[in-house]
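In what follows, a single structure is set out as structure tokens and then discussed.
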Amino acid sequence: MKTKSIVFALVMGFVSVAAVAADPVSPKMVVLNQKDNGIFKVIYAGTATGKISLNIYDEANTLVFNETINGVDGFICPVNFSAMKTGVYTIEVADASGKQVQKIDYVKENPVNSIHLKKIEGESKYLLAVANTNEVINVRIFDGSNNLVHNQDVTVAGNFGMIYNLKNVMGSPTFEVTNQAGATKVVKY
């Protein structure tokens with residue numbers, strides 16, 4: 001039994017040495033998705049000091065970002081996609097020894113999650129609150145018969161809150177709040 005273990009260990013040792021010999025030291029790249037939506041970390045370790053190019057392409061293979069770094073053999077670079085559209089992007093790092101490529105799938109966080117609607121207890125008033133955004137939102141309110149009774153564009157810079165008094169609205173109102181990206185939150189009371 002002990003002899004089989006030694007033979008197995010020797011065979012595995014030779015396989016490991018052969019695998020390393022077949023793959024000499026080469027540049028390595030990894031792209032990590034950070035906890036913050038839209039932030040990716042590009043980590044690159046090259047084989048020699050020199051000029052390194054970081055390129056990012058969109059789904060149509062259009063260059064959307066380029067940076068050249070001189071006199072280094074590696075880097076860690078955070079890349080912010082929050083202003084980009086949802087889609088698949090190609091991150092490419094090129095140096096004298098070649099190119100390393102990795103695709104990422106960027107999904108923009110749904111900003112309607114920052115929109116909150118609440119009926120104020122015992123009244124015909126409703127609170128609209130929007131947190132941490134800088135955009136124009138559209139607020140539409142419908143009565144119980146689905147007739148439009150209010151339509152307003154609101155510019156939000158940071159946090160926003162408004163109380164709507166709907167005592168003259170017949171039936172249970174429906175709120176439809178749409179952001180600039182076209183995402184809509186509908187709340188029916």
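The values are calculated or read from the model by the stated rules, or taken from the named source; none is laboratory data. Quantities reported herein were computed from a predicted structural model and do not represent experimental measurements. For neighbour counting, all protein chains shown are included, and Cβ atoms are generated from backbone atoms with ideal geometry for every residue, glycine included.
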- Task: Answer yes or no: is there a residue in the range 112-127 that is modelled with pLDDT of 85 or more, surrounded by fewer than 12 Cβ atoms within 10 Å (Cβ to Cβ), farther than 24 Å from residue 40 by Cα and within 24 Å of the chain's Cα centre (by Cα).
- Result: no
- Message: Looking at 145, 97, can you tell me which residue is touching a residue at least 40 places away in the same chain (Cβ under 8 Å), surrounded by fewer than 16 Cβ atoms within 10 Å (Cβ to Cβ) and touching a Gly at 6+ places or on another chain (Cβ under 9 Å)?
- Response: 97
- Query: Since residue 134 meets every condition but one in (1) surrounded by fewer than 12 Cβ atoms within 10 Å (Cβ to Cβ); (2) closer than 22 Å to residue 28 by Cβ, which condition does it not meet?
  - Reply: (2)
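Mind listing just one residue for me: the one in the range 64-79 that is within 23 Å of residue 34 (Cβ to Cβ) and exposed (fewer than 12 other Cβ atoms within 10 Å of the Cβ) and, of those, nearest to the chain's Cα centre (by Cα)? Steps first, answer last, please.
Here is the first cut: in the range 64-79, the ones within 23 Å of residue 34 (Cβ to Cβ) are 64-67, 69, 72, 74-79.
Subset that is exposed (fewer than 12 other Cβ atoms within 10 Å of the Cβ): 66, 76, 78.
On the way: 66: 19, 76: 19, 78: 13 Å.
For the range 64-79, the residue satisfying everything is 78.
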